[in-house]
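Each remark here refers to the structure printed beneath this line.
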Amino acid sequence: MKLFVYHTPELTPTDSVPDCAIAVDVLRATSTIATVLHAGAEAVQVFSDMDQLMQLSEDWPAEKRLRAGERGGAKVEGCDLGNSPLDCTPERVKDCRLFISTTNGTRALQRIEAAPSVLAAALINRQAVVNYLLETNPETVWIVSSGWEGSYSLEDSVCAGAIVDGLLASSSLSPKELAGNDEAIAALALYRHWQDDLLGLMHHASHGQRLLRLNCHEDLKYCSQTDILEIVPRQKEPGVL
Ligand code: 3SL
C-alpha cells in the first residue's frame, strides 16, 4: 500500500485515480456523515450546489428526507439541519436520506468520486477506516483533506496523520514504505505531536476558531474524539454514501 496525502481538493492530481480515495473534513462534514450513518440513516447524498440539493431532494418522500446545509459554518435557511453531528440522533435520522451541502467537505467528496472506492473519514471513525484499509489492502490510497476554501486545514491534516499512524501500528510497514509523498510524513508528525490534545489542536485551527465564534464548542469536543464509531462511510454510487 502507498498512501498519499493532499491538503486540499485543488492540490489533488487530476490525471489519475487511486484504488481508494478518502475524503476528510473533521470540522465537520465527514464527522457528520459518519455520525448520521452510524445513527441509522439510509444514505447520505452530497451536493456542492444548494439549489440542486433542494430540487433533487423534492423527489424523495418528505418523511424520509432531511436537508442539511452549511455555509460559513452556519445553517442554511430552509434546511432541516446545519452541519452539526450532534443533531444527528437516531430519533431524528433513522431510515432517512440526508441530502447535504457544505462549504468544503462535499466538494472534496465530489473531487474523488471517480475512484473505484471512496470513503469518508474523520477522527471519530479513524480506526474503522484503518481496519477497512488493512482488510481490502488497496495498492494506492489518497487522503484528500477538505481544507477551507482552497487553503490548508490543521484538523484534516492531523486526521490524515492519525490514519497513517493507525496503519503503521497494525502492519509491518515502515513510514518510508507506506508514505507516497512528503505530506503523509508531515501529517504523521503532526498527529504524533498532538495526539494527546486533539481538542487543543482544534482550538489552534482557524476553522476551529470560526466554529467557536459560532458557539460550537460541543462540536469541537465531539469531533476531536478518536475511534468512537465503528463505521466506514463508503460511496455506493457517485455522490451517495
Ligand atoms: O466546510 C465544510 O464542509 C464544513 O464542514 C464546514 S462547517 O464545519 O460545517 O462549518
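All of the numbers you see were taken from the coordinates with simple rules; none came from a lab. Bear in mind the structure is a predicted one, so any value in this text is a computation, not a measurement. Because the Cβ atoms are built from the backbone with ideal geometry, glycine has one as well, and the counts that use them run over all protein chains shown.
Give me the tail of P(r) for segment 190-237 as a percent: Cα-Cα pairs with distance above 15 Å.
The proportion of pairs with Cα distances above 15 Å equals 52 percent.
Dipole of segment 118-241 (Lys/Arg Cβ +1, Asp/Glu Cβ -1, origin at the Cα centre): which of Ala122, Gly200, Thr226 lies farthest to the positive side?
Checking the options against the dipole of segment 118-241, the answer is Gly200.
Against the globular-protein guess of 2.2 N^0.38 Å, express the Cα radius of gyration of segment 109-241 as a ratio, rounded to two decimals.
1.04
Going out from 0 in 10 Å bins, what whole percent of all Cα-Cα distances in segment 57-169 drops into each bin?
Taking all Cα pairs of segment 57-169, the binned fractions are 12, 36, 36, 15, 1 percent.
Roughly what percent of Cα-Cα pairs across segment 2-132 reach past 19 Å?
Here the long-distance tail beyond 19 Å is 48 percent of all Cα pairs in segment 2-132.
What share of the DSSP beta bridges in the chain is antiparallel, in percent to the nearest 5?
Here the antiparallel bridges make up roughly 20 percent for the chain.
When ranked by the protection proxy of mean other Cβ atoms within 10 Å per residue, highest first, what sequence do the peptides 125-133, 82-90 form?
The most tightly packed comes first, giving 125-133, 82-90.
Lysine pairs, Cα distance under 19 Å, 8 or more residues apart or cross-chain: how many in the chain?
Taking the chain as the scope, the lysine pair count is 4.
Assuming R0 = 41 Å, can you tell me the calculated FRET efficiency for the pair Ala43 and His193, based on Cβ-Cβ distance, to the nearest 0.05?
0.65
Hey, can you rank 223-233, 48-58 by average C-beta count inside 10 Å, highest first?
223-233, 48-58
Which ³J(HN,Hα) values in Hz, rounded to whole numbers, follow from the phi angles of segment 149-159 under the Karplus curve 6.51 cos²θ - 1.76 cosθ + 1.60, where θ = phi - 60° and Gly and Pro get x?
6, x, 10, 4, 10, 4, 5, 6, 5, 5, 5
Ordered by residue, what ³J(HN,Hα) values in Hz, to whole numbers, does segment 57-72 give under the Karplus form 6.51 cos²θ - 1.76 cosθ + 1.60, where θ = phi - 60° and Gly and Pro are x?
Rounded to whole hertz, the list is 6, 4, 6, 8, x, 4, 6, 10, 10, 10, 10, 10, x, 9, 9, x.
Can you give me the convex hull volume of the Cα atoms of segment 77-116, divided per residue and expressed in Å³?
106
Given the DSSP H assignment, sum -39500 (n - 2.57) over each helix run of at least 4 residues in the chain and divide by its residue total; what's the result at 222 nm in deg cm²/dmol, nearest 500?
Calculated from helices alone, the mean residue ellipticity at 222 nm is -11000 deg cm²/dmol.
Rounded to two decimals, what is the ratio between the C-alpha radius of gyration of the chain and 2.2 N^0.38 Å?
Computed over Cα atoms of the chain, the ratio equals 0.94.
What does the highest-first list of 12-23, 170-181 look like by mean Cβ count within 10 Å?
Highest to lowest by the protection proxy: 12-23, 170-181.
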